[in-house]
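Okay, so here's the structure we're looking at.
The values are calculated or read from the model by the stated rules, or taken from the named source; none is laboratory data. No experiment lies behind these values; they were computed from the predicted model shown. No Cβ is skipped: glycine too gets one built from the backbone with ideal geometry, and neighbour counts run over all protein chains shown.
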Amino acid sequence: MDHVTTHQAEEDARNAAILIHVNGRIVPKAEALISVYDSGFMLGDGVWEGLRLYHGRFAFLDEHLDRLFEAAKAVDLDIGRSKAEIAQALEDLRLANAMDHDAHARLMVTRGVKHRPFQHPSLSRFGPTIVIILEHSMPSIPRPIRLATVPHIRGLPMSQDPKLNSHSKLNCILACIAAEKAGADEALMLDVHGFVNTTNACNFFIVRKGQVWTSTGDYCMNGITRAKVIDLCRANDIPVFERNFSLVDTYGADEAFLTGTFGAQTPVGSIDGRMIGAGEMGPVTERLRGLYKALIAKECA
């Protein structure tokens, strides 16, 4: 069975020769290396952001940097640079790669290089490590996504807050593996109460009788694209609700779609073998795609 990922992009030969930012230096891809003692490699101890480049500008840059610095503060990680300095690093890398449009950045900050290979944060004495990868990236998702509900849940904030964009992604990776074993593309994850929450990589929405529903937000990533879709609904008289809803509600939906920085709004065709609506992009999803595209044009004019 063919698998599609929500981050599937067209192959671009130019990515073989990109330049990458590593701790203030812009270096060729083959030289973009970090230590095996790095706390991000060793323990997943770090935070990250994904940003998309449109017409020479990173969309919603301030909001992405706010989220990055908030996450760093939450895990007591000193980035050691201001938001303006990180924004300049992104711009310098963009210019070095001569990129203008349809590019995707992954901005990663770890606690840095450890003195010895153990857990305690005080052993991370040389850091932080800051890496920015900027690739030519045109989404290429050939059909609606197939989801499978998995036993892995989005947990309570005192275990690992789902709002935290951290390098510790094993729970979501295991969910994705379980979905692929079930013949799907991505995992639909429930919250601790059994309500539908999110997928392993994206935020999740359904449409029922013209109304747009998404989770309460208590157990999902505080997605920037998610927030923009909610704002667009409110500004364009599309009824939108952040609420608890079940798999029964979901199977009976007219449409379903995912949101994320990479794919914007990605239609869902089936969940647990049940076709959602007509199994293709529905009219509300298509309208929201158009509204989001117009928002990006305004943001990155």
Looking at region 242-251, can you tell me whether even one residue there is surrounded by 16 or more Cβ atoms within 10 Å (Cβ to Cβ), within 30 Å of A103 (Cα to Cα) and of a type in the set (A, V, I, L, M)?
no
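For (1) of a type in the set (A, V, I, L, M); (2) touching a Phe, Trp or Tyr at 6+ places or on another chain (Cβ under 9 Å); (3) surrounded by fewer than 12 Cβ atoms within 10 Å (Cβ to Cβ), each residue gets a yes or a no:
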| residue | (1), (2), (3) |
| --- | --- |
| D2 | no, no, yes |
| V27 | yes, no, no |
| V36 | yes, no, yes |
| D45 | no, no, no |
| H55 | no, no, no |
| D62 | no, no, yes |
| L68 | yes, yes, no |
| V75 | yes, no, no |
| M99 | yes, no, no |
Which listed residue is within 30 Å of D102 (Cβ to Cβ) and in contact (Cβ under 8 Å) with a residue 60 or more places away in the chain, from G217, G223, G183, G260:
G260
Quick count over region 7-35, residues being closer than 30 Å to K163 by Cβ and more than 15 Å from the chain's Cα centre (by Cα), is 8
Hits in region 242-301 (condition: closer than 24 Å to L61 by Cα and small (G, A, S))
G260, G263, A264, G290, A294, A297, A301
Please find, within region 19-44, the residue that is farthest from Q88 (Cα to Cα) out of those that are in contact with a strand residue (DSSP E or B) (Cβ under 7 Å, 6 or more places away or on another chain) and among the β-branched types (V, I, T).
I34
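Return a yes/no flag: does region 148-163 have any residue that is of a type in the set (S, T, Y), outside the structural domain of L51 (by TED's automatic domain parsing), at pLDDT below 95 and more than 13 Å from I20 (Cβ to Cβ).
Looking through region 148-163, at least one residue is of a type in the set (S, T, Y), outside the structural domain of L51 (by TED's automatic domain parsing), at pLDDT below 95 and more than 13 Å from I20 (Cβ to Cβ).
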Identity of the residue in region 274-301, more than 30 Å from H101 (Cβ to Cβ) and touching a residue at least 24 places away in the same chain (Cβ under 8 Å), that ends up surrounded by the fewest Cβ atoms within 10 Å (Cβ to Cβ)
G279
Report those strands (runs of 3 or more DSSP E) wholly inside region 113-217 carrying at least 2 residues which are surrounded by 16 or more Cβ atoms within 10 Å (Cβ to Cβ), of a type outside the set (F, W, Y) and touching a strand residue (DSSP E or B) at 6+ places or on another chain (Cβ under 9 Å).
129-136, 145-149, 186-190, 196-199, 203-208, 211-214
Any residue in region 98-118 that is on the phi > 0 side of the Ramachandran plot sitting within a Cβ distance under 8 Å of a residue that is of a type outside the set (S, T, N, Q) and not in a strand (DSSP E or B)? List the pairs, counting only those 6 or more apart or interchain.
D102/M138; G112/G127; G112/P128
